[in-house]
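All remarks here apply to the structure that follows.
The values are calculated or read from the model by the stated rules, or taken from the named source; none is laboratory data. These numbers were taken from a predicted model, which means no experiment stands behind them. With ideal geometry, Cβ positions are generated from the backbone for all residues, glycine too; neighbour counts draw on all protein chains shown. In case anyone asks, the SASA skips ligands and DNA or RNA and just uses the protein heavy atoms, side chains included. Shrake-Rupley method; radii C 1.70, N 1.55, O 1.52, S 1.80 Å.
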Amino acid sequence: HLSFFSDLPKENLHHLFKITKEIELNPGDFAIREGERSNEFFVILEGQMEVVKFDQEHQNLHVISTLSQGQPIGEMAWLNNAPRSASVRALTKVRLLSTSFDDIQVIADKEPGFYRVFKQIAKNLSQSLHATDEFAIRALEREVRENRLRVSFGNFLLNVIVALCLFAMVLTTLVKVIQELPDTTYLSVSFLTVMLAFIYLIKYSSNLTLKTLGLTTQNWRPAVSEAFIFTLLFILLITLLKGLIMHIYPSFATHLFEPFRTVTTPTLKQWLISSALYCLISVPFQEFATRGGLQGPLTVFLTGKHKTFLAILYSNLIFSTMHIFLGLKIALLVFLPGIYFGWLYSRYPTLIGVIVAHLMLGWYALFVLGI
């Protein structure tokens, strides 16, 4: 049943099996280890094995190919006495037929027909070299992708640092301006407009796709449905929380619903203007900046099983820190709901759903509860 020896006459096979021995391996056991010297040669009788190559840079093993019954292992030793170029380990319980090329050569010298074994070895070597070439090509392609990712991340990080530095430089001026404005919504709109310019630079300097920035309609229906349902629960929670705080600390607020509390000029006209600016400009800009401009790219650039959580945390930390000039309360109010919005966005990376959630929760909290 071994195709590798199918061309040998029965008398040659009889002599061959006299110089072989059978080896059994358990899953994970190595028949050949990279770097060792040996002229031992194997043929798989039963089971599956894989050829693996150690990556010095990343300190892990890459699978080159999978071998099964009838296939040879270690035939490269026929060409030279160099160290093994790769390792071979068992995927399942394996039985191997083992011999050495020295022993095969001795028989071949006596029986010339036995040289058919070497012909078959040459054929398998050609196939193995082809597989090695494909592995090398894949490795080069992977290295190119990683280099491009590093360049993109470097450009992204540089732009974020520049944005933070410029913002810090004008912070004192912003603090003076805010004291003279009737409503900070105007300042927020101006601030977000500038930030959008940086997001534009981030997009084109980092080679990010529009989908990475959340500008996609993919899965918008489930995103909106979940945003609506979860945000209703969030609205109920903050309403109960404000009521509880008022009960414990009566000085916190006089009424549960205070729609004009966050409006400097308590008139219906000013309330409508502030609401419109918040819903039509402030919220979409904030989500595009935080979710699309920060969380989306960070999810791409970060690695590890916690990268989604870290992308949510870092993006909200950056964005809330840039609001610290408005006061610690505002920074916290930006950060805490931002974790919720970031979680929603991680489920369906489209800005549509998270904007709906932000509109519902933000408008209710600011212009109904007066938080």
Within region 79-125, residues being at pLDDT 70 or above, among the aliphatic types (A, V, I, L, M) and either closer than 30 Å to Gln56 by Cα or in contact with a Gly (Cβ under 6 Å, 6 or more places away or on another chain) (or both) number 7
By my count, helices (runs of 4 or more DSSP H) wholly in region 280-371 with at least 1 residues that are among the acidic types (Asp, Glu) are 283-287
Screening Leu310, Leu317, Leu333 for residues that are without any contact (Cβ under 8 Å) to a residue 24 or more places away in the chain, of a type in the set (A, V, I, L, M, F, W, C) and open to solvent by 60 Å² or more (accessible area, probe 1.4 Å) leaves only Leu317
ask   = Would region 236-247 turn up any residue that is part of a helix (DSSP H, G or I), modelled with pLDDT of 70 or more and farther than 27 Å from Trp343 by Cβ?
value = yes
Report task. Test Phe341 against the stated conditions and say whether it is surrounded by 16 or more Cβ atoms within 10 Å (Cβ to Cβ) and closer than 30 Å to Ser152 by Cα. Result -> yes
When region 49-75 is checked residue by residue, the ones that are over 31 Å from the mean Cα position of the chain (by Cα) and outside any strand (DSSP E or B) are Ser68, Gln69, Gly70, Gln71, Gly74, Glu75
